[in-house]
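Below you'll find the structure, written out as structure tokens, and then a few comments.
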Amino acid sequence: MRHGINEENWENYLDGKLPPEERDRIEAHIIGCVACWEFQQRMLALNARLREVGAAMDRSHVLSDEQLSAGLRGVYAMICAGRDAAAPPTPVQQRLDELAAVMTVFCGTQAAASALQTAAQRSPARSLKQVTRENWEPFLQRLSAIAHVLCGRTGAHLVWESGRF
Amino acid sequence: MEALRITPRLVLIGLTAHLALRLSFILPVGFGQADKHETALDAIRITGALAAYGLALLICRRLADEYREAKWMRLAWLALTVNAALSFIRPLVRSPLPLPGQEIDLYSAPPIYGLLHHLALTPANLFLLLGLLAMWWAYREAGLGFKFQRRDGAALGGLFLLMLVFFYYKDLLTEAQALYRATSILQLVAQVQLFLIAAAGLLLHRISVQMGNGRLAVVLRWLTLYALARLALVLSVSLLRAAWPQHERLITDVADFGWQAAPWLFSLAVVHQAELTALAAERLAHIKQQRAAKRTVPV
């Protein structure tokens with residue numbers, strides 16, 4: 001919260017989703033506050049640029065449902081892990097992402113994410129964040145067992161082969 | 001698994017062809033007059049049901065093998081296999097092939113066919129119910145956090161109320177006044193089973209919604225549709241017949257489109273599941289191929 005405007009207020013203001021009285025309050029403040037005015041200008045320019053780039057990407061790339069789903073799942077996984085988007089993923093993280101992508105096609109985004117978490121909880125790692133190369137195999141075994149229920153023996157085998165280092 | 005190559009698209013073509021063929025015989029004489037082409041329509045009905053359930057039977061058995069290490073899922077697919085097998089013989093005992101032209105409407109068919117029909121129907125329904133429940137239980141046991149929600153409780157409560165209302169009007173059932181007491185009891189049992197099957201279908205639907213997307217959700221949605229469609233048909237046909245008894249033949253002719261489409265819905269669920277396995281096998285082969293290629297690259 002800065003100058004009585006929190007992050008959510010800014011977000012809704014820039015998206016044009018604020019109620020009129022709240023919008024008027026922020027605009028009245030911006031008129032008199034150089035720092036907030038500069039921030040608003042920067043955010044507006046950034047939003048405009050993002051829209052342009054987004055539109056250009058839309059025109060140049062047509063994503064399949066599976067690609068879109070895998071991309072969203074990746075973003076979601078990064079947010080959940082609190083990972084810096086700029087930091088390169090570790091080999092374990094990469095493998096987890098691949099496994100989630102494989103399972104998403106068969107049993108859906110949410111079930112795939114739940115399967116990874118459940119397998120981690122049932123393995124010595126105890127949580128997805130604690131899965132390492134050292135405790136990878138028991139984790140993968142648990143995940144394959146879950147995949148067996150969801151997708152059958154072939155699906156479980158696929159998960160096992162996809163997850164193997 | 002050669003049966004895996006039967007795609008959902010092919011099943012949809014089968015369904016469309018079946019209904020279109022039926023329509024082509026009914027349209028010239030008009031709805032309500034289908035008995036004029038009884039023999040041909042009987043043949044279409046029996047062939048369609050045999051094709052749909054035969055296909056499902058073939059694939060279900062293989063799917064049970066696919067789940068041999070997952071106890072509840074194996075049980076589920078074995079139960080669905082038995083359901084498919086019993087459903088496969090059901091059209092034959094309802095109106096035997098050596099007697100084409102036999103009246104198929106249970107209001108006027110010889111009483112023994114009503115009994116035979118329900119003797120096959122009741123265990124088939126039981127195995128279908130067991131299959132759906134075992135499947136639901138397997139997904140719950142997997143511990144993926146599929147939750148029973150308040151609205152599911154409301155839906156099941158609604159179904160239960162509907163069942164009570166249905167019991168009140170049970171005399172509307174086609175076999176309520178059957179010559180054999182066993183027939184009317186079996187028909188009543190079959191209707192209760194349909195309510196329970198619909199309830200199990202709703203549970204699976206909740207899981208499919210919680211999965212988000214993916215091919216497995218599609219399988220569950222077709223199974224749900226199959227479970228609900230039959231109950232919806234029983235209820236709507238009973239009510240319509242009671243409300244407009246003078247249009248009984250018309251209602252039967254129209255409702256038979258739904259009844260004859262139902263086996264194909266089951267086939268679609270099964271074929272979608274088989275497609276899922278086929279896709280997994282393809283991807284597995286691809287990964288193995290890639291691994292093998294890496295191993296053979298000279299260092």
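The values are calculated or read from the model by the stated rules, or taken from the named source; none is laboratory data. These numbers were taken from a predicted model, which means no experiment stands behind them. For neighbour counting, all protein chains shown are included, and Cβ atoms are generated from backbone atoms with ideal geometry for every residue, glycine included.
Can you say whether residue B:230 is surrounded by fewer than 21 Cβ atoms within 10 Å (Cβ to Cβ) and not hydroxyl-bearing (Ser, Thr, Tyr), as far as the supplied structure shows? So residue B:230 fails the test. Here B:164, B:119, B:129 are screened, and the one residue that is at pLDDT 85 or above, within 19 Å of residue B:205 (Cβ to Cβ) and more than 14 Å from every other protein chain (Cβ to nearest Cβ) is B:129. Within region B:155-172, the only residue that satisfies the criterion of being surrounded by 13 or more Cβ atoms within 10 Å (Cβ to Cβ) and more than 24 Å from the chain's Cα centre (by Cα) is B:169.
Just a yes or no: is a residue in region B:132-154 surrounded by 20 or more Cβ atoms within 10 Å (Cβ to Cβ), touching a Ser or Thr at 6+ places or on another chain (Cβ under 8 Å) and at pLDDT below 85? Scanning region B:132-154 turns up at least one residue that is surrounded by 20 or more Cβ atoms within 10 Å (Cβ to Cβ), touching a Ser or Thr at 6+ places or on another chain (Cβ under 8 Å) and at pLDDT below 85. Counting residues in region B:264-279 that are closer than 27 Å to residue B:35 by Cα and either buried (at least 19 other Cβ atoms within 10 Å of the Cβ) or of a type in the set (D, E, K, R) (or both) gives one or more. Within region B:205-227, the set of residues being within 14 Å of another protein chain (Cβ to nearest Cβ), surrounded by fewer than 22 Cβ atoms within 10 Å (Cβ to Cβ) and under 18 Å from the mean Cα position of the chain (by Cα) comprises B:205, B:218, B:221. Does residue B:281 fit the bill of being part of a helix (DSSP H, G or I) and within 14 Å of chain A (Cβ to nearest Cβ)? Spelling it out, residue B:281 is indeed part of a helix (DSSP H, G or I) and within 14 Å of chain A (Cβ to nearest Cβ).
For region B:138-156, the tally of residues that are in contact (Cβ under 8 Å) with a residue 40 or more places away in the chain and either more than 14 Å from chain A (Cβ to nearest Cβ) or in contact with a Lys or Arg (Cβ under 7 Å, 6 or more places away or on another chain) (or both) stands at 6. Within region A:4-20, being in a helix (DSSP H, G or I) and touching a helix residue (DSSP H, G or I) at 6+ places or on another chain (Cβ under 6 Å) holds for A:13, A:14. When B:197, B:287 are checked against the criterion of being modelled with pLDDT of 95 or more and either part of a helix (DSSP H, G or I) or among the aliphatic types (A, V, I, L, M) (or both), a single residue qualifies: B:197.
Within region A:140-165, being free of Cβ contacts under 8 Å to residues at least 60 places away in the same chain and aliphatic (A, V, I, L, M) holds for A:140, A:143, A:145, A:146, A:147, A:149, A:150, A:156, A:158. For region B:261-271, does any single residue satisfy the condition of being within 14 Å of chain A (Cβ to nearest Cβ) and either of a type in the set (Phe, Trp, Tyr) or over 27 Å from residue B:165 (Cα atoms) (or both)? Yes, the conditions are met somewhere in region B:261-271.
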